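Inspection log for the structure reproduced underneath, given as structure tokens.
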Amino acid sequence: MEIKLIPKSLKGRVDLPSSKSYAHRMLITAAFSRTESVLTGDFSSQDMLATLRVLTALGARFESVDGGVKIMPAVKAERAVADCGESGSTLRFSVPISAALGIETTFIGAKRLSERPMEELLNCLKEHGIQVTGDGFPLKISGKLSAGDYQIDAGRSSQYVTGLLLALPLLDGDSTLTVHGEASKTYIDITLDVLSGSCAEITQKGNTFFVRGVGYSVSGEKKVEGDWSNAAFWMVAGLLGEEISIGNLNPSSRQGDRRVEKLLKEAGGNLSWNNGRLSARPSALHGITFDADDIPDAVPAMSVALASANGTSVITGVKRLRLKESDRLTAVMDMLTRLGVPVAYIAEQDALKINGVPYFTGATLSSYNDHRLAMAGAVAAIRARSPVALTGAEAVKKSYPAFFADYESLGGNICRLPL
């Protein structure tokens, strides 16, 4: 889908969809709990539908209820075909889960998912009794994990750690997991938060986790908190346009992208909490330097904010961006260049250097089939001197299907172009 965005400030109120990071993990622990529960939230994004689809294939039982899903104790499948769509989280979490359950599973997926790193995780599973067949998709695993001492190099993805931490409580016996490499701590913190709320028994000493094989117990009704990663785009839109009030956010969240609020304030952004909502008001921004290694998903939104700031900004720790839905580092640089923003990658520092400009030029941008690039391009249009065309705008369905509806509700002017 190609759309044309007419430059116009956004203004008003918007409520965020549920956090993908929390929803993936909460659905998994509830699905394999000994007890029945209800999760409330928005599970309509493509990534969440992928997780629901895969968990159902593995024997989970879901029933739609008002505002969420009811989850009954799973009935284990013997064999399964697990279609992960384009969701890296779904794939990396469900592979060790199916191995822990002893389900012979064939995993399939779409587009760049087969290119995203899995080697370290699969090698770890093979060391503990799992047979792996296939290079890319289809990927078939068989066998059953046994409790023991696990080690994983998580330098390329913290999702390896999360997948194992979700799987090990389901084993018959206690295990340890020792993590090597620089994993994104914020995502592991979310995992531990969800596990704690699911009655899993996990303790940590240094880079080693001690996991009791006691399973999960999730009961009653739980709400999935709002998504700080998506909130970043509305914060930037408010700073570049007119006031936007953002709801359904937890100000004390463990989500790493909550840090965007602090970074934008550091850059001169006028952000404040009022009656449980975060307000972003027009601001004169200036350049800053920060490390994005723990918050790679925030870079597209932050790059738009800093591209409109006075002076030069430097974002370090950006190599992880190459392993996302797109080569997000190349995609961000292409987007900014097309918008008339001087930008460069400094390899020896692993840094993205951005020289801010007062206004962007009109341009034709690609989403690169990346939801965060699509949203970043739409927000950038606010400060463009002429219309911005965006191809592949449907990529927002991966995490935020209602993004463009919310954009229009805030006064955005969108022309949908014929194919």
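The values are calculated or read from the model by the stated rules, or taken from the named source; none is laboratory data. Nothing here was measured: the structure is a model prediction, and the numbers come from that model. Neighbour counts run over all protein chains shown; Cβ positions are idealised from the backbone, glycine included. To get the accessible areas, we keep the full protein, side chains included, count just its heavy atoms, and leave off ligands, DNA and RNA. Shrake-Rupley method; radii C 1.70, N 1.55, O 1.52, S 1.80 Å.
Within the set of other residues whose C-beta is less than 9 Å from the C-beta of Phe210, count the net charge using Lys and Arg as +1 and Asp and Glu as -1. Show your work: numbers first, answer last.
Numbers: positive: Lys205, Arg212; negative: Asp174, Glu201.
Surrounding charge for Phe210 is 0.
What Kirkwood Rh does the stretch 54-119 have if only Cα atoms enter the pairwise 1/r average? Answer in Å. Each step should come with its number before you reach the end.
Numbers: mean 1/r = 0.0786 Å⁻¹.
Hydrodynamic radius (Kirkwood, Cα pairs) of the stretch 54-119 is 12.7 Å.
Over the residues of the stretch 259-408, compute the C-alpha Rg and express it relative to 2.2 N^0.38 Å.
On the way: Rg = 14.6 Å, N = 150, 2.2 N^0.38 = 14.8 Å.
For the stretch 259-408, the normalised Cα radius of gyration comes out at 0.99.
Springs between alpha-carbon pairs under 10 angstrom, Gaussian network model over the chain: which of Phe93, Phe290, Phe107 fluctuates most?
Phe290
Could you compute the net charge surrounding Leu365? Neighbours are other residues with a C-beta less than 9 Å from the C-beta of Leu365; K and R count +1, D and E count -1. Write out the running numbers ahead of the final one.
Working: positive: Arg338; negative: Asp334.
Summing Lys/Arg as +1 and Asp/Glu as -1 gives 0.
Translational D (Stokes-Einstein, µm²/s) of the stretch 109-243 at 37 °C and 0.692 mPa s when Rh comes from the Kirkwood sum over C-alpha pairs? Write out the running numbers ahead of the final one.
Values: Rh = 17.0 Å.
Result for D is 193 µm²/s.
Normalised by the residues of the stretch 1-149, what does the relative contact order come to in percent, with Cα pairs under 8 Å and at least six apart? Before the final figure, lay out the partial values.
Values: 231 pairs, mean separation 26.4, N = 149.
Rounded, it is 18 percent for the stretch 1-149.
Restricting to Cα atoms and excluding each atom paired with itself, what does the Kirkwood estimate give for the stretch 163-299 in Å?
On the way: mean 1/r = 0.0583 Å⁻¹.
Roughly 17.1 Å, rounded to one decimal.
Over 31 Å between C-alpha atoms is what I'm after, so list which of Lys20/Lys111; Lys8/Lys265; Lys4/Lys353; Lys265/Lys353; Lys111/Lys262; Lys262/Lys353 land there.
On the way: Lys20/Lys111 20 Å; Lys8/Lys265 23 Å; Lys4/Lys353 28 Å; Lys265/Lys353 19 Å; Lys111/Lys262 34 Å; Lys262/Lys353 20 Å.
With Cα atoms farther than 31 Å apart: Lys111/Lys262.
Could you state the principal axis extents of the C-alpha atoms in the stretch 118-170, from the largest down, to the nearest angstrom?
26, 25, 16
If the only charges are +1 at each Lys and Arg Cβ and -1 at each Asp and Glu Cβ, what is the size of the charge dipole of the chain around the Cα centre, to the nearest 20 debye?
Values: 45 positive and 45 negative charges, 145 e Å.
Dipole of the chain, to the nearest 20 debye: 700 debye.
With each run of n ≥ 4 DSSP H residues scored as -39500 (n - 2.57), what mean residue ellipticity at 222 nm is computed for the chain after dividing by its residue count and rounding to the nearest 500 deg cm²/dmol?
Dividing the helical sum by the residues of the chain leaves -9000 deg cm²/dmol.
Could you state the orientation-averaged shadow area of the convex hull built on the Cα atoms of the stretch 1-148, in nm² to one decimal? Walk me through the intermediate numbers first.
Numbers: hull surface 46.1 nm².
Orientation-averaged projected area of the Cα hull: 11.5 nm².
For the stretch 276-367, what is the relative contact order in percent, using Cα pairs closer than 8 Å and at least 6 residues apart in sequence? Intermediate results must be reported in sequence, preceding the final value.
Values: 147 pairs, mean separation 27.0, N = 92.
Relative CO of the stretch 276-367 lands at 29 percent.
Expressed as a fraction of 2.2 N^0.38 Å, the rule-of-thumb size for a compact globular protein of N residues, what is the C-alpha radius of gyration of the chain?
Values: Rg = 21.3 Å, N = 419, 2.2 N^0.38 = 21.8 Å.
Normalised Rg, Cα atoms only: 0.98.
What number do you get for the stretch 318-392 when its Cα radius of gyration is normalised by 2.2 N^0.38 Å, N = residues?
Working: Rg = 12.2 Å, N = 75, 2.2 N^0.38 = 11.3 Å.
Scaled against compact globular proteins, the figure is 1.07.
Project the alpha carbons of the stretch 223-278 onto their principal axes and report the range along each, largest first, in whole Å.
31, 20, 17
Arrange the peptides 8-17, 239-248, 111-120 so that the one whose residues have, on average, the most other Cβ atoms within 10 Å appears first. Please list the in-between numbers first.
Numbers: 8-17: 18.6, 239-248: 21.2, 111-120: 16.1.
Peptide ranking by packing, descending: 239-248, 8-17, 111-120.
Please work out the average accessible area per residue across the chain, using the 1.4 Å probe convention, and give it in Å².
On the way: 15750 Å² over 419 residues.
For the chain, the solvent-accessible area averages 38 Å² per residue.
May I ask for the net charge around Ala237, where only other residues with Cβ less than 12 Å from the Cβ of Ala237 are counted and Lys, Arg are +1 while Asp, Glu are -1?
Numbers: positive: Lys8, Lys11, Arg281, Arg383; negative: Glu242, Glu243, Asp406.
Local net charge: +1.
With both bridge residues required to lie in the chain, what share of the DSSP beta bridges run antiparallel, to the nearest 5%?
Details: 49 of 77 bridges.
DSSP beta bridges in the chain are roughly 65 percent antiparallel.
Quick one: give the max-minus-min coordinate of the C-alpha atoms of the stretch 235-346 along each principal axis, largest first, in Å.
41, 29, 21
Tell me the carbon and sulfur percent of the accessible area for the chain, rounded to whole percent, probe radius 1.4 Å.
Details: 7480 of 15750 Å².
That fraction is 47 percent.
If I build a Gaussian network model for the chain, linking alpha-carbon pairs within less than 10 angstrom, which residue out of Gln255, Gln204, Gln46 has the largest mean-square fluctuation?
Between Gln255, Gln204, Gln46, it is Gln204 that shows the largest mean-square fluctuation.
For the chain, what does the relative contact order come out to in percent, with C-alpha contacts under 8 Å and a separation of six or more? If you can, show how the numbers build up before the last one.
Working: 1013 pairs, mean separation 86.0, N = 419.
Once divided by the residue count of the chain, the mean separation gives 21 percent.
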